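Trainee: Structure in structure tokens, see below.
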Amino acid sequence: MSEPGGEGWGQSGNPTSVFAYEGHQGPEEGGMKNEGEMRKGEEEGQGKEEDEDYDSPPERQIVVGICSMMKKSKSKPMTQIMERLCKFEYITVVIFPEEVILNEPVDKWPLCDCLVSFHSKGTNERFPLDKAVEYANLRNPLLINDLNMQYYIQDRREVYRILQEEGIDLPRYAVLTRDPDRPEECNLVEGEDHVEVNGEVFPKPFVEKPVCAEDHNVYIYYPTSAGGGSQRLFRKIGSRSSVYSPESCVRKTGSYIYEEFMPTDGTDVKVYTVGPDYAHAEARKSPALDGKVERDSEGKEIRYPVMLTAMEKLVARKVCLAFKQTVCGFDLLRANGHSFVCDVNGFSFVKNSMKYYDDCAKVLGNMVMRELAPQFHIPWSIPMEAEDIPIVPTTSGTMMELRCVIAIIRHGDRTPKQKMKMEVRHPLFFELFDKYGGYKSGKLKLKKPKQLQEVLDIARLLLAELGQHTDCEIEEKKGKLEQLKTVLEMYGHFSGINRKVQLTYLPNGQPKASSEEEEGPKEGPSLLLVLKWGGELTPAGRVQAEELGRAFRCMYPGGQGDYAGFPGCGLLRLHSTYRHDLKIYASDEGRVQMTAAAFAKGLLALEGELTPILVQMVKSANMNGMLDSDSESLTDCQQRVKARLHEIMQKDQDFTEADYQKLAPTGSPSLVNSMKIIGNPVRTCDQVYTLIQRLTSQIRKRLEDPKSADLQLYHSETLELMLQRWSKLERDFRNKSGRYDISKIPDIYDCVKYDTQHNATLGLEDTLELFRLSRALADIVIPQEYGINKPEKMDIAQAYCLPLMKKIQLDLQRTHEDEAVNKLHPLWFRYSRGVMSPGRHVRTRLYFTSESHVHSLLSIFRYGGLLDEVKDQQWKQAMDYLSAVSELNYMTQIVIMLYEDNNKDPGSEERFHVELHFSPGVKSCEDEENVPLGFGFRPASAENQEKQTNQGSLEDLSQDEPDRALPLSELISIRRSPMIRNRKTGSMEVLSETSPGSSKGASYRLFPSCSRQSPEIKPTGLGFEGCSMVPSIYPLETLHNSLSLKQVDEFLNAVCEDSSDAHAKTMKALSVLFDTSSQGYGQAHTYPPPKALSSSETPVRPPTHPLCLSSGPPSTVSSAGPSSPTSVNPSNPAIHFSFSE
């Protein structure tokens, strides 16, 4: 035994004991001492001291025994903590050898006054918990962790029961207990997209956990709408902690807990208590996300410090006391603004945190001394020092702090959308309509595999009957039934997001609408069956979304040096520590949801399949029409606009000056240019029709050639399917009277854009000319469908975008209002200042949607009166740039960034600063020459010229040493580009630093305009630039970079405040203006307007007072970084939206 040092922790700083490790000193060598030997040793030591200082009192040492498997006793955390514990003058630590624990009776085990003992599984043996209980009963030591409760911790059912009794939130769950001898006898009903356990229904996604806590094979099952299958979690093996499986059926043997899946945005929180008043929290990437374990340079799993909320500290206290485990680890899921406990692990230490080792040893040492010092007459007083000093930074002085990023993004590259309509009257279709509740609303949407299978079965049955009886009474046309069957049989399986069937009840049948109908309408009710297919995200679209996600990191503090990898900095660290409040929303279309998932994969450096990412990261339910648009339900205004558009485009003469006034009253250069290319719209349509005929005949010839009959085109399409696609357009574009259906122009452009991009290797003639002409027509038809003049554009935009505008306003207001939640105690400001420290807080809201919402939102910013072009030069330049943009292509982005200047007075209008940025998305095949040039990302403005830096820009980061952008060469390894570029190139372009003498108009590039190889395309060298590559994306251009938050808020208020009145006024004005114009096309159908969003559904009032942190329990809780922003008081109705924020 070493000699005791001085007071407290020992004067020399050396431990006051020797570890009795197995293999270091065996019992027979005297390392493991029984009580007699220890007393003898103390007397000898005391005798030696009396020779030197006869006044020293004979205090006895308190022995702390460590009784666990060798792997745990010798682990780094245990060693570090016990070494620190030995610095207490009166504490000695003895470690029980594993062979003694396993093989010796308990009366031969070493003696101790305090016992640290816990159950674990050794390499070959389990810890004998029964013997530990027997030892505790025999010797009656102070127990750090109760031993009997450890039996309960091994059974998840008991864990959940105890949590429930303590009033701790946990996911909704049900227990399925099976008799091993009769596993089939259990209360489990399995459906396609749900399970029912003991009468409790769990829709997918749900979690299936074995009841034994030692079994780590937890499965998560995904719904068919997200691709189905399951994620299989297991105890970490190397760098994997889970794997995706296509298996969708639950396990049929064993007992399980089924619980609802909690959407946690891909991060788990691990909480470690040391007594009821201390908890350390860390975040790690959820194993369910992609199954890859993030490891640092030393091979250890990367975790990040997290700040617990007051409620979470209370939960930690309750867990510690309920399970009677002083040292206890448990898992928290943060979802929908609440924290749920999903697992309690018992004895568990933090790994690789020196601060935790110090804190843990202090708390345990003080606890042992407080309990045992009085009975051993040891002089000891409780130290009054604070146990916990969180590591938090200040915001830097002159730099503006990024507070909020809002992006509205169109989905990525997709296959052409296709549609077929047929009127059906067979009783089987009416039975199906009735079965799924179609009569309630008169409409029915069928997307689930089971439903589509039923439609396919009906089509097969009717075709079989037609084959047997040619004069049969089946009224469904054979050709359309065959097309229905062919489309539903594509790919050999239903994935639920590729195809859908819509049925609409027609009480009097369908009126004759086109030349396709030979006979007159039949009497009696019928159903209009609309089959939609195609429109899937392509592999190229996935790559585009993932690349854009990766590039988006460059916007965040520390992002400049973090394009590809190091996850301990910038956005990835922000996200994992909950200082990045990220929410991703998507409409209910499969391509939009998959774009959102692929973007999240790139943004957060995830790996693996998109399905787990989609389920956990992307919110698409209960959107209240925020991102979805029912294309069947057009507003009256849109019907009128379409009718006028068709009337103008049906004139067989060159466009006159009056036509230019009618079609392009805003004078948009891109529109005027397209009208010049077209000249005579009917002649141009004639040319397009002839080119389509040539194209279909070329495809037919290829099909007759045996060499190319089985040719596989892009994304598993066949020549047969390609021919069907073009033949349908050929039939539908021109009716029998020779009149053109202008509504088919977007579809023609869609198809030719797809084939020139992905199927150029076929070498079909005249595709480029068809691309050029159909694009010119589409550049008129598509944007003008959203309104021809400004009042129409605003009216239609408000019909599409009002819920989204309210949500954007709420996002900006909440960032401003929750300042009190995110600012931390001023005493903590003395800690680190850089990005690597955990104090910055950024709110990110990403909205993925379709073309209609992007067009509408841009119209609101352009025509809603945000700024006056005459008075604001930057806004005029921005409007000129937007007018020159002809197409809002895939991956179009509208980005709003909110900054806070901490040097300005909190009440000042200059405190919050808003920037508006825009990118027209993916480059088209011919864009390189005609692209409109913007002014770059955050162009230097005149008023900031004297300062040599743009006040609201990332260039200011150079003043704060840790935040400085890295050189471009370190940033991007894919391709190099000049630091400041003068024209657009296909290279990787990013935000760069400029020299102090940079010119006024210099532009900075934030996002890459990158080309990546598509996984399904091999480079061939045929065609033109971009055909065998994934097309690059235009970098962000700044529309304005000196708006105040007040300006933007007032603008959004004006747009949103009373849209119904505005709508009425607009319609009145339009009826006066265009009384005689709405004739002919579009009159046949009347559609109900989209459902208005009632105020009860979306209470978006800003909070009336600042939100404050509530004071939690008296705490020495270790935490580093602000609390999750979702911890705002849920009872405050002023901050509720109608779905999860």
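Trainee: Residues that are open to solvent by 20 Å² or more (accessible area, probe 1.4 Å), modelled with pLDDT of 80 or more and of a type in the set (Val, Ile, Thr): does the stretch 518-530 have at least one?
Mentor: no
Trainee: Kindly state which helices (runs of 4 or more DSSP H) lie completely within the stretch 707-804 and contain at least 2 residues that are out of contact with any Lys or Arg (no Cβ under 7 Å at 6 or more places or on another chain) and of a type in the set (Val, Ile, Thr).
Mentor: Correct list: 745-758, 767-784.
Listed here are the residues, each with its yes/no results for (1) outside any strand (DSSP E or B); (2) surrounded by fewer than 17 Cβ atoms within 10 Å (Cβ to Cβ); (3) modelled with pLDDT of 90 or more.
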{"position": "THR395", "(1), (2), (3)": "yes, no, no"}
{"position": "ARG403", "(1), (2), (3)": "no, no, no"}
{"position": "ILE409", "(1), (2), (3)": "no, no, yes"}
{"position": "LEU462", "(1), (2), (3)": "yes, no, yes"}
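Trainee: Looking at ILE678, ILE692, which is the one that is closer than 17 Å to GLN418 by Cα and in contact (Cβ under 8 Å) with a residue 40 or more places away in the chain?
Mentor: ILE692
Trainee: Of all the residues that make up the stretch 99-130, how many are in a loop (DSSP other than H, G, I, E, B) and either open to solvent by 50 Å² or more (accessible area, probe 1.4 Å) or among the polar types (S, T, N, Q) (or both)? Spell out how you get there, then give the answer.
Mentor: Within the stretch 99-130, the first condition is being in a loop (DSSP other than H, G, I, E, B), and the residues that meet it are 104-105, 109-113, 118-120, 122-125, 127-128.
Then drop every residue that is not either open to solvent by 50 Å² or more (accessible area, probe 1.4 Å) or among the polar types (S, T, N, Q) (or both), which leaves 104-105, 120, 123-125.
Of the residues in the stretch 99-130, 6 are in a loop (DSSP other than H, G, I, E, B) and either open to solvent by 50 Å² or more (accessible area, probe 1.4 Å) or among the polar types (S, T, N, Q) (or both).
Trainee: Which condition from (1) modelled with pLDDT of 85 or more; (2) not in a helix (DSSP H, G or I) is the one that LEU481 breaks?
Mentor: (2)
Trainee: Return the pairs, sorted by first residue and then second, in which the second residue is charged (D, E, K, R) and not in a strand (DSSP E or B), the first residue lies in the stretch 237-248 and is touching a residue at least 12 places away in the same chain (Cβ under 8 Å) and more than 16 Å from GLU294 (Cβ to Cβ), the beta carbons are less than 8 Å apart, and the residues are 6+ apart or on different chains.
Mentor: Qualifying pairs under 8 Å: TYR244/GLU609.
Trainee: For the structure I just gave you, tell me whether TYR585 is part of a strand (DSSP E or B) and either modelled with pLDDT under 80 or closer than 25 Å to PHE848 by Cβ (or both).
Mentor: yes
Trainee: Then there is this: Of everything in the stretch 330-381, what is free of Cβ contacts under 8 Å to residues at least 60 places away in the same chain and either touching a Gly at 6+ places or on another chain (Cβ under 7 Å) or of a type in the set (Lys, Arg) (or both)? Give them in sequence order.
Mentor: Passing the criteria: only ARG370.
Trainee: Please work out if VAL175 is more than 21 Å from LEU332 (Cβ to Cβ) and surrounded by 14 or more Cβ atoms within 10 Å (Cβ to Cβ).
Mentor: So VAL175 fits the description; yes.
Trainee: Which ones in the stretch 153-186 are part of a strand (DSSP E or B) and under 15 Å from VAL344 (Cα atoms)?
Mentor: Within the stretch 153-186, just ASP155 meets the criteria.
Rundown of residues vs (1) within 51 Å of the chain's Cα centre (by Cα); (2) hydroxyl-bearing (Ser, Thr, Tyr); (3) farther than 30 Å from PRO374 by Cβ, yes/no style:
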{"residue": "SER75", "(1), (2), (3)": "yes, yes, yes"}
{"residue": "ILE81", "(1), (2), (3)": "yes, no, no"}
{"residue": "CYS86", "(1), (2), (3)": "yes, no, no"}
{"residue": "VAL94", "(1), (2), (3)": "yes, no, no"}
{"residue": "GLU104", "(1), (2), (3)": "no, no, yes"}
{"residue": "SER117", "(1), (2), (3)": "yes, yes, no"}
{"residue": "LYS121", "(1), (2), (3)": "yes, no, yes"}
{"residue": "LEU138", "(1), (2), (3)": "no, no, no"}
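Trainee: Show the residue pairs that are 6+ apart or on different chains and have beta-carbon atoms under 6 Å apart, the first residue being within the stretch 528-539 and at positive phi, the second being part of a strand (DSSP E or B).
Mentor: GLY534/LYS417; GLY534/GLN418; GLY535/ARG414; GLY535/LYS417
Trainee: Could I ask something else about it? Can you confirm whether LYS131 is at pLDDT below 95 and among the basic types (Lys, Arg)? Quick ask: steps written out before the conclusion?
Mentor: Numbers: at pLDDT below 95: no; among the basic types (Lys, Arg): yes.
Criteria not met by LYS131.
Trainee: Taking ARG843 as the residue in question, decide whether it is at negative phi, open to solvent by less than 10 Å² (accessible area, probe 1.4 Å) and modelled with pLDDT under 90.
Mentor: Numbers: at negative phi: yes; open to solvent by less than 10 Å² (accessible area, probe 1.4 Å): yes; modelled with pLDDT under 90: yes.
Judged against the criteria, ARG843 is a match.
Trainee: Given the condition in contact (Cβ under 8 Å) with a residue 12 or more places away in the chain, in contact with a Gly (Cβ under 8 Å, 6 or more places away or on another chain) and under 30 Å from PRO105 (Cα atoms), answer yes or no: does some residue in the stretch 130-143 qualify?
Mentor: yes
Trainee: Also, I was wondering about something else. Taking LEU898 as the residue in question, decide whether it is in contact (Cβ under 8 Å) with a residue 40 or more places away in the chain, outside any helix (DSSP H, G or I) and touching a Cys at 6+ places or on another chain (Cβ under 7 Å).
Mentor: yes
Trainee: Here is a follow-up. Return a yes/no flag: does the stretch 431-441 have any residue that is modelled with pLDDT of 90 or more, touching a strand residue (DSSP E or B) at 6+ places or on another chain (Cβ under 7 Å), among the hydrophobic types (A, V, I, L, M, F, W, C) and surrounded by 13 or more Cβ atoms within 10 Å (Cβ to Cβ).
Mentor: Yes.
Trainee: Moving on to the next point. So which residues in the stretch 411-425 are assigned to a loop (DSSP other than H, G, I, E, B) and buried (at least 19 other Cβ atoms within 10 Å of the Cβ)?
Mentor: Listed by number, the residues that qualify are HIS411, GLY412, ASP413, THR415, PRO416.
Trainee: Same structure, new question: Can you spot a residue in the stretch 136-153 that is open to solvent by less than 80 Å² (accessible area, probe 1.4 Å) and of a type in the set (Phe, Trp, Tyr)? Give the steps one after another, and end with the answer.
Mentor: Applying the first criterion (open to solvent by less than 80 Å² (accessible area, probe 1.4 Å)) to the stretch 136-153 yields 136, 141-147, 149-150, 153.
Those still in the list that are of a type in the set (Phe, Trp, Tyr) too: none.
Among the residues of the stretch 136-153, not one is open to solvent by less than 80 Å² (accessible area, probe 1.4 Å) and of a type in the set (Phe, Trp, Tyr), which makes the answer no.
Trainee: Another question, then. Any residue at all in the stretch 327-349 that is charged (D, E, K, R), open to solvent by less than 70 Å² (accessible area, probe 1.4 Å) and not in a strand (DSSP E or B)?
Mentor: no
Trainee: Go through the stretch 134-152 and give me each residue that's assigned to a loop (DSSP other than H, G, I, E, B) and over 14 Å from ASN345 (Cα atoms).
Mentor: ASN140, PRO141, ILE144, ASN148
Trainee: Could I ask something else about it? Any residue at all in the stretch 245-252 that is buried (at least 21 other Cβ atoms within 10 Å of the Cβ) and within 21 Å of LEU614 (Cβ to Cβ)?
Mentor: No, the stretch 245-252 contains no residue that is buried (at least 21 other Cβ atoms within 10 Å of the Cβ) and within 21 Å of LEU614 (Cβ to Cβ).
Trainee: Applying the selection to the stretch 862-895, what residues are within 22 Å of LEU804 (Cβ to Cβ) and assigned to a loop (DSSP other than H, G, I, E, B)?
Mentor: GLY864, GLY865, LEU866, LEU867, VAL885, GLU887, LEU888, ASN889, TYR890, MET891, THR892
Trainee: Within the group GLU765, GLU730, GLU720, which residue is without any contact (Cβ under 8 Å) to a residue 24 or more places away in the chain, out of contact with any strand residue (DSSP E or B) (no Cβ under 7 Å at 6 or more places or on another chain), surrounded by fewer than 19 Cβ atoms within 10 Å (Cβ to Cβ) and not basic (Lys, Arg)?
Mentor: Working: GLU765 fails: without any contact (Cβ under 8 Å) to a residue 24 or more places away in the chain; GLU730 fails: without any contact (Cβ under 8 Å) to a residue 24 or more places away in the chain.
GLU720 is the lone residue from the list that is without any contact (Cβ under 8 Å) to a residue 24 or more places away in the chain, out of contact with any strand residue (DSSP E or B) (no Cβ under 7 Å at 6 or more places or on another chain), surrounded by fewer than 19 Cβ atoms within 10 Å (Cβ to Cβ) and not basic (Lys, Arg).
The values are calculated or read from the model by the stated rules, or taken from the named source; none is laboratory data. Please read these numbers as outputs of a predicted model, since none were measured by experiment. In this analysis, Cβ positions are derived from the backbone assuming ideal geometry, glycine residues included, and neighbour counts consider all displayed protein chains. Calculation scope for accessible area: heavy atoms of the full protein, side chains included, ligands and nucleic acids excluded. Shrake-Rupley method; radii C 1.70, N 1.55, O 1.52, S 1.80 Å.
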